[in-house]
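**Student:** First the structure, then my questions, so here it is.
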Amino acid sequence: MKGFRSAEFRFPVGLRSGLRNAGARRTGLYTGLMRTILFALSVIVAMPADFRAEEPAPQSDEEGVRLKDLARIQGVRTNQLLGYGIVVGLPGTGDTRSTLASTSIQNLLGNLGQNFSEKELRARNIAAVIVTAEIPPFARKGDRINVTVSSIGDAKSLENGVLVQTPLQAGNDQIYAVAQGPISATDRRNKNDDAGKTVGVVLNGAMVEKDLQESLFQNREIRIQLRSFDFTTLDRVHKKVQSTFPELKATIDGSSVVITVPENQEPVSWIARVEQLRVEPNYPARVVINERTGTIVMGGDIRVDPVAISRGGVQLQINASREAYQGVYVAPPAGNEKARQTTQEFSGASIAEIVEALNEMGASVQDIISILEALRDSGALHAELVVM
């Protein structure tokens with residue numbers, strides 16, 4: 001462009017000198033910082049393994065179920081507590097014909113220095129109850145737990161009542177907690193019926209008064225007990241522990257795997273690591289039936305031998321030669337409906353396929369349940385049938 005003159009911009013001499021000095025200072029600072037980082041890394045690498053934190057590697061991508069969900073540690077369990085108590089302050093819904101509550105309240109007041117006759121204490125605002133609770137493992141003095149209160153007389157409702165101080169004892173007759181507090185009726189089966197409110201809870205209503213003495217690490221041994229015992233699963237757990245932690249001594253003792261922790265290591269940290277192991281369980285073949293709701297739960301690969309079944313309008317034949325089964329639904333004789341025939345073939349005769357075909361054929365839930373029970377009784381069903 002005419003009249004335009006390019007010019008070179010120059011920093012003043014003093015400013016250029018200051019920038020050079022600042023750059024030198026930054027270079028020196030960067031070099032010193034890198035030396036410090038390299039030194040710290042060398043110290044961490046040289047640190048003994050015992051001083052570095054060891055966290056179990058995540059195993060969420062592995063197949064199988066966490067050992068924590070398959071088994072429990074022997075000695076880590078809840079304990080049941082039981083007591084007899086009195087509920088007061090009921091709005092006319094307490095015991096009427098039973099004298100158990102009035103006698104108990106008379107004894108209670110006598111211990112407090114107040115003497116009344118049983119006739120004077122007859123009222124409908126008190127009820128005799130049984131108090132139950134479960135105390136968690138490793139509970140300590142001052143911990144609070146929930147309690148369940150159940151009427152043992154003819155009280156109509158425990159709602160809005162107050163549980164009077166009640167000692168709770170374990171199976172060894174020792175008192176471990178004391179319960180007291182307002183009751184909330186929680187019987188959900190009859191929400192709108194006073195007769196269904198004879199069971200209630202006192203949230204955090206019991207205070208632990210005695211520590212539980214758990215013998216968890218006898219001889220530095222950790223015992224892993226399967227929740228649902230199975231020899232195959234137990235063997236897999238044993239082999240998994242041995243292959244993952246060869247430094248641990250693992251043996252099978254009856255129905256549990258016993259792990260011996262080295263003397264210089266903490267058992268709790270080993271429990272946390274062992275619980276994260278994943279094992280493929282060997283579930284037994286089982287079909288669970290709830291007759292009341294019509295619910296059927298089963299494994300997907302439970303086999304059935306060749307058999308022919310006929311119930312009402314349902315005819316079922318399982319053939320071994322073709323590894324298939326045929327089903328026929330015969331319409332009721334009443335009416336002019338034509339008989340409907342359904343034939344289905346599968347690569348195998350499993351319970352899941354049979355139930356699915358029966359549903360498609362129009363069989364009722366009761367028909368399916370009866371057929372499964374007949375399969376079990378005939379020996380054709382190779383699974384345990386649990387009817388609830």
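**Student:** Taking segment 201-234 as the search range and keeping residues that are basic (Lys, Arg) and assigned to a loop (DSSP other than H, G, I, E, B), which one is nearest to Leu277 (Cα to Cα)?
**Tutor:** Step by step, filter segment 201-234, then rank; the result is Arg227.
**Student:** Follow-up question, since we're still on this one. Restricting to segment 237-258, name every residue that is surrounded by 19 or more Cβ atoms within 10 Å (Cβ to Cβ) and under 24 Å from the mean Cα position of the chain (by Cα). Let's see the steps before the verdict.
**Tutor:** Here is the first cut: in segment 237-258, the residues surrounded by 19 or more Cβ atoms within 10 Å (Cβ to Cβ) are 237-238, 240-241, 250, 256-257.
Matches in segment 237-258: Val237, His238, Lys240, Val241, Ser256, Val257.
**Student:** Of all residues in segment 63-72, count the ones that are modelled with pLDDT under 90 and either crowded, with 20+ Cβ neighbours inside 10 Å or touching a strand residue (DSSP E or B) at 6+ places or on another chain (Cβ under 6 Å) (or both).
**Tutor:** 1
**Student:** From the list Ala272, Ala206, Ala185, which one is in contact with a strand residue (DSSP E or B) (Cβ under 6 Å, 6 or more places away or on another chain), modelled with pLDDT of 90 or more and not hydroxyl-bearing (Ser, Thr, Tyr)? Walk me through how you get there before you give the answer.
**Tutor:** Values: Ala272 fails: in contact with a strand residue (DSSP E or B) (Cβ under 6 Å, 6 or more places away or on another chain); Ala185 fails: modelled with pLDDT of 90 or more.
None of the other options fit; the residue is Ala206.
**Student:** Then there's this: Out of everything in segment 340-361 that is surrounded by 13 or more Cβ atoms within 10 Å (Cβ to Cβ) and either β-branched (Val, Ile, Thr) or within 14 Å of Val287 (Cα to Cα) (or both), what residue ends up being modelled with the lowest pLDDT?
**Tutor:** Thr342
**Student:** Against the conditions (1) within 30 Å of Glu373 (Cα to Cα); (2) surrounded by 13 or more Cβ atoms within 10 Å (Cβ to Cβ); (3) modelled with pLDDT of 90 or more, where does Thr232 fall short? Just the number, please.
**Tutor:** Among (1) within 30 Å of Glu373 (Cα to Cα); (2) surrounded by 13 or more Cβ atoms within 10 Å (Cβ to Cβ); (3) modelled with pLDDT of 90 or more, the lone unmet condition for Thr232 is (2).
**Student:** Scan segment 374-383 for residues that are more than 10 Å from Val304 (Cβ to Cβ) and either assigned to a loop (DSSP other than H, G, I, E, B) or outside the structural domain of Asp301 (by TED's automatic domain parsing) (or both) and jot them down.
**Tutor:** Listed by number, the list holds a single entry, Gly379.
**Student:** Next up: Across segment 235-275, what is the number of residues that are assigned to a strand (DSSP E or B) and in contact with an Asp or Glu (Cβ under 8 Å, 6 or more places away or on another chain)?
**Tutor:** So the count comes out to 4.
**Student:** For segment 151-177, enumerate the residues that are in a strand (DSSP E or B) and in contact with a Ser or Thr (Cβ under 7 Å, 6 or more places away or on another chain).
**Tutor:** Ser151, Ser157
**Student:** Determine whether segment 247-260 contains at least one residue that is more than 26 Å from Arg77 (Cβ to Cβ) and modelled with pLDDT of 85 or more.
**Tutor:** yes
**Student:** Restricting the first residue to segment 92-118 and requiring it to be over 20 Å from Ser150 (Cα atoms) and assigned by TED's automatic domain parsing to the domain that holds Gln165, which pairs with a second residue that is of a type in the set (S, T, N, Q) and in a helix (DSSP H, G or I) meet a Cβ separation below 9 Å and a spacing of at least six or different chains?
**Tutor:** Within 9 Å, the pairs are Asn115/Gln106; Phe116/Gln106; Ser117/Gln106; Glu118/Ser102; Glu118/Thr103; Glu118/Gln106.
**Student:** Okay, next question. Look through Ala139, Ala170 and report the one residue that is under 11 Å from Met207 (Cα atoms) and under 25 Å from the mean Cα position of the chain (by Cα).
**Tutor:** Of Ala139, Ala170, the one residue that is under 11 Å from Met207 (Cα atoms) and under 25 Å from the mean Cα position of the chain (by Cα) is Ala139.
**Student:** Might you let me know whether segment 173-181 holds any residue that is at pLDDT below 95 and either exposed (fewer than 13 other Cβ atoms within 10 Å of the Cβ) or under 24 Å from the mean Cα position of the chain (by Cα) (or both)?
**Tutor:** yes
The values are calculated or read from the model by the stated rules, or taken from the named source; none is laboratory data. Just so it is clear, the structure is predicted and the values come from calculations on it, not from any experiment. Glycine gets a Cβ as well: all are built from the backbone with ideal geometry, and neighbour counts include every protein chain shown.
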